[in-house]
Amino acid sequence: MAVTYRFAAREDTGLILQFIRELADYEKMLDQVVADEELLAQELFDKHHAEVLFAMVDGQEVGLALFFHNFSTFLGRSGIYLEDLYVRPEHRGKGCGKGLLRRLAQLALERGCGRLEWACLNWNKPSIDFYLSTGAQPMDEWKVYRLTGESLAHMAQE
């Protein structure tokens, strides 16, 4: 099975949203998806706030990596932050996910980035095992914090 990769284009917006919903369903968070095609098209293709890479098998998109650049003050260089990595169930264990990570690592080096990083839900043992098998190291000493919705608005008004 040959896996190829391609960057998403504006006409893929509906497919991107479909992958996002599949991932959210897997993560038991489908009810939290409020993104729609119009918003994704603006953010991805007008504002260029993130990029999407597809894994392809026999001309069909079977996996997705949605990522954007962040910045490390300690390294003095940008990095790539992988927001979502998703491979459809029937294609898991066949190298598609590892191939997407490999392609992102190549992009990070091509773009002069200092690192590639991501977060993983602590209950997602299959993904954790997969990430550990790639040589990735968990950042156990860090805790992620988030402001959204009302708490974000409240903080902005203080």
Could you tell me whether any residue of segment 106-124 is under 13 Å from the mean Cα position of the chain (by Cα), at pLDDT 95 or above, assigned to a loop (DSSP other than H, G, I, E, B) and not charged (D, E, K, R)?
no
Restricting attention to segment 66-80, the residues that are free of Cβ contacts under 8 Å to residues at least 24 places away in the same chain and closer than 15 Å to Ala9 by Cα number exactly 0
Hey, Met139 hits all of (1) surrounded by 10 or more Cβ atoms within 10 Å (Cβ to Cβ); (2) part of a helix (DSSP H, G or I) but one; which does it fall short on?
(2)
Looking only at segment 115-158, count every residue that is among the aliphatic types (A, V, I, L, M) and closer than 17 Å to Met29 by Cβ and tell me the total.
3
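So that you can scan it fast, the table gives a plain yes or no per residue for (1) in contact with a Phe, Trp or Tyr (Cβ under 9 Å, 6 or more places away or on another chain); (2) touching a residue at least 24 places away in the same chain (Cβ under 8 Å):
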position	(1), (2)
Ile20	yes, yes
Asp25	no, no
Gln32	no, no
Ala35	no, no
Leu39	no, no
Phe45	no, yes
Val52	yes, yes
Met56	yes, yes
Leu64	yes, yes
The conditions are (1) assigned to a strand (DSSP E or B); (2) out of contact with any His (no Cβ under 7 Å at 6 or more places or on another chain); (3) farther than 23 Å from Asp25 by Cα; (4) of a type outside the set (A, V, I, L, M), and Phe67 fails exactly one of them. Which is it?
(3)
Only one of these is of a type outside the set (A, V, I, L, M), part of a helix (DSSP H, G or I) and over 26 Å from Gly79 (Cβ atoms): Glu11, Glu43. Name it.
Glu11
For Asp25, the lone unmet condition from (1) in a helix (DSSP H, G or I); (2) farther than 23 Å from Val144 by Cβ is (2)
Restricting to segment 71-103, give me the number of residues that are under 13 Å from the mean Cα position of the chain (by Cα) and not in a helix (DSSP H, G or I).
8
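With respect to Val33, determine if the residue is surrounded by 15 or more Cβ atoms within 10 Å (Cβ to Cβ), β-branched (Val, Ile, Thr) and on the phi < 0 side of the Ramachandran plot.
On the way: surrounded by 15 or more Cβ atoms within 10 Å (Cβ to Cβ): no; β-branched (Val, Ile, Thr): yes; on the phi < 0 side of the Ramachandran plot: yes.
Criteria not met by Val33.
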Would a scan of segment 79-96 turn up a residue that is in contact with a Gly (Cβ under 6 Å, 6 or more places away or on another chain), more than 20 Å from Arg21 (Cβ to Cβ) and not aromatic (Phe, Trp, Tyr)?
yes
So which of Gly149, Gly93, Gly114 ends up being surrounded by fewer than 18 Cβ atoms within 10 Å (Cβ to Cβ) and in contact with a Lys or Arg (Cβ under 9 Å, 6 or more places away or on another chain)?
Gly114
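Taking only segment 125-135 into account, find how many residues are outside any helix (DSSP H, G or I) and touching a residue at least 12 places away in the same chain (Cβ under 8 Å). Let's see the steps before the verdict.
Of all residues in segment 125-135, those outside any helix (DSSP H, G or I) come to 134-135.
If we keep only those that are touching a residue at least 12 places away in the same chain (Cβ under 8 Å) too, we end up with 134.
Of the residues in segment 125-135, 1 are outside any helix (DSSP H, G or I) and touching a residue at least 12 places away in the same chain (Cβ under 8 Å).
The values are calculated or read from the model by the stated rules, or taken from the named source; none is laboratory data. The structure displayed is predicted, hence computed values, not measured ones. Note that each Cβ is placed from the backbone with ideal geometry, even for glycine, and that neighbours are counted across all protein chains shown.
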